Amino acid sequence: MAPRNYIPADLPIVSAIHVEWCKACARAHRWEEEVRLLFEEQQRMLRFLEWHASWWMERASAIATRDEALSEGRRAYAERQANLRLQIRGSFSHMWRDTRKFLNLADA
């Protein structure tokens, strides 16, 4: 049995390794949280673009003036904006379609 005041010679090395392990573990947890937040942000962006397209479509149907040419121009602009939002949403969906699969491969 070792005396009470005995300090093993390799204690500083073990302590340093333990500290480095704790730091690495904390970085890994932060990275996992960042990935979860990224997926959530992607889904929110897709929902926002869908909402924004429907908002523009509502604007297109709500626009009415006495000048038929002006009404048609405003309606066309609103429909174009809605279509752009849907195109962006489709593009993002396509780009992000395999991100979960890649993450699952990395975790395996």
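For Trp21, state whether it is closer than 30 Å to Leu103 by Cα and either β-branched (Val, Ile, Thr) or surrounded by 10 or more Cβ atoms within 10 Å (Cβ to Cβ) (or both). Judged against the criteria, Trp21 is a match. Restricting attention to the stretch 77-103 and to residues that are loosely packed, with under 12 Cβ neighbours inside 10 Å and of a type in the set (A, V, I, L, M, F, W, C), the residue that is farthest from Arg47 (Cα to Cα) turns out to be Phe102.
For Ser15, indicate whether it is part of a helix (DSSP H, G or I), hydroxyl-bearing (Ser, Thr, Tyr) and under 28 Å from the mean Cα position of the chain (by Cα). Against the criterion (part of a helix (DSSP H, G or I), hydroxyl-bearing (Ser, Thr, Tyr) and under 28 Å from the mean Cα position of the chain (by Cα)), Ser15 does not qualify.
When restricted to residues that are more than 24 Å from Leu84 (Cβ to Cβ) and either of a type in the set (Gly, Ala, Ser) or at pLDDT below 85 (or both), the stretch 1-58 contains 19.
Is at least one residue of the stretch 60-76 closer than 30 Å to Met95 by Cβ and either at pLDDT below 90 or touching a Ser or Thr at 6+ places or on another chain (Cβ under 9 Å) (or both)? The answer is yes, given that some residue of the stretch 60-76 is closer than 30 Å to Met95 by Cβ and either at pLDDT below 90 or touching a Ser or Thr at 6+ places or on another chain (Cβ under 9 Å) (or both).
Of the residues in the stretch 45-65, not one is in a helix (DSSP H, G or I), surrounded by fewer than 10 Cβ atoms within 10 Å (Cβ to Cβ) and without any contact (Cβ under 8 Å) to a residue 40 or more places away in the chain.
A residue that is closer than 30 Å to Trp31 by Cα, over 17 Å from the mean Cα position of the chain (by Cα) and either charged (D, E, K, R) or modelled with pLDDT of 90 or more (or both) occurs somewhere in the stretch 85-108. When residues in the stretch 85-108 are screened for being part of a helix (DSSP H, G or I) and either in contact with a Gly (Cβ under 8 Å, 6 or more places away or on another chain) or touching a residue at least 12 places away in the same chain (Cβ under 8 Å) (or both), 9 of them pass.
The values are calculated or read from the model by the stated rules, or taken from the named source; none is laboratory data. This structure is a prediction, so every number in the text was calculated from the model and none was measured. Glycine also receives a Cβ, built like all others from the backbone with ideal geometry; neighbour counts cover every protein chain displayed.
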